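Single-structure report; data block below.
The values are calculated or read from the model by the stated rules, or taken from the named source; none is laboratory data. This is a predicted model, so every value here is computed, not measured. Neighbour counts are summed over all protein chains in view; Cβ atoms, including those assigned to glycine, are modelled from backbone coordinates with ideal geometry. Ligands, DNA and RNA are stripped out before the accessible areas are found, and what is left, the full protein with its side chains, is counted by its heavy atoms. Shrake-Rupley method; radii C 1.70, N 1.55, O 1.52, S 1.80 Å.
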Amino acid sequence: YIALTAAFVMNSPFQSMGYMFLFGLGTLPAVFSVQALQYALKKIRLEQKINYLIPLLSILLGLWIMLRGANLSIPFISPTSTKLELKPNTE
């Protein structure tokens, strides 16, 4: 969506087309890498183990995000939030 928004605000339709074309070229290596990784995982039969771990990792990530949001001051898990103080411009 960010790329579409950036293309939308270009000065001309040709610049927008060029931007989206280059964005597409930039994403091709990632798309092919994901396909190759999926093929490799099927070949060595790790896919079933990964499918078992995905829900567990999702639950752990959700708990970690909740702990960080709770501001419990737990080192490396829930750091204390620092408040930004805005000072008026006196110049």
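Here are the numbers:
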| quantity | calculated |
| --- | --- |
| Dipole magnitude of the chain, debye to nearest 20 (Cβ charges: Lys/Arg +1, Asp/Glu -1, about Cα centre) | 440 |
| Projected area, mean over directions - the chain, Cα convex hull, nm² | 12.2 |
| Most fluctuating residue given options Tyr39, Tyr52, Tyr19, as computed from a GNM of the chain linking Cα atoms under 10 Å | Tyr19 |
| Per-residue ³J(HN,Hα) for the stretch 38-48, Karplus 6.51 cos²θ - 1.76 cosθ + 1.60, θ = phi - 60°, Hz, x for Gly and Pro | 4, 5, 5, 5, 5, 5, 9, 6, 8, 4, 5 |
| Phi to ³J(HN,Hα) by Karplus 6.51 cos²θ - 1.76 cosθ + 1.60 over the stretch 53-70, Hz, x for Gly, Pro | 7, 4, x, 5, 5, 5, 5, 5, 5, x, 5, 5, 5, 5, 5, 5, x, 7 |
| Residue list for the stretch 15-41, given a label point 7 angstrom along the Cα-to-Cβ vector of Ile50 and an amide N cut-off under 12 Å | 33-41 |
| Residue order for Ser12, Ser73 - accessible surface, 1.4 angstrom probe, largest first | Ser73, Ser12 |
| At R0 = 35 Å, FRET efficiency that the Cβ-Cβ distance of Met17 and Tyr39 yields, to 0.05 | 0.60 |
| Under 15 Å, Cβ to Cβ, from Ile50 - net charge with Lys/Arg +1 and Asp/Glu -1 | +3 |
